[in-house]
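Every number here is computed from the coordinates shown, using simple stated rules; none is lab data. Everything numeric here is computed off the predicted structure, so don't read it as measured data. Quick reminder, even Gly has a Cβ in these numbers, built from the backbone with ideal geometry, and neighbours come from all protein chains shown.
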Amino acid sequence: MPEATKYYATGRRKNATAKVWLVPGEGNVTVNKKTLADYVGRRTLEMIVRQPLELVNMAGQFDVIVTATGGGISGQAGAMRHGISRALIVTDPELRSDLKRAGFLTRDPRVKERKKVGRKRARRGFQFSKR
């Protein structure tokens, strides 16, 4: 591979967006100029982000550089997983079937429902008292 090779993809979940670049390296994950552990702060979220690389046995072959915006930490972790999966397909289209079978390529469509008029939240009504 040429030294300047970068593979790019965008991942999304809830209101979070993750711009992901895969660069040949030794497996470091950098999110918004911080290490993955410092950024997410939870082992489960770290595992979620690393899942696609471990599934296709490329955990030590690429450095991952991510710019995450919007949503919360959990949504951003899901967006990173989605973005990494899509970027891996750019590197090798034959990985698509494995990633698809694991469900990493499906954009999770669940988003917060909007608040309705006359309600406290999307569906919850105001507290009712007879007296």
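Both radii are taken from the alpha-carbon atoms of segment 73-129; with Rh as the Kirkwood radius, Rg/Rh is 1.31.
Report, to one decimal in Å, the Kirkwood hydrodynamic radius for segment 7-102 based on all distinct Cα pairs.
12.8
Here the contact order of the chain, divided by its residue count and restricted to Cα pairs under 8 Å and six or more residues apart, works out to 31 percent.
Sorting the segments 85-93, 26-34 by their residues' average number of neighbouring beta-carbon atoms within 10 angstrom, most packed first, yields 85-93, 26-34. Please check the chain for the longest run free of chymotrypsin sites (Phe, Trp or Tyr not before Pro) that are loop-located per DSSP (anything but H, G, I, E, B) and have at most 15 other Cβ atoms within 10 Å. Excluding the exposed sites themselves, the longest stretch runs over 1-125.
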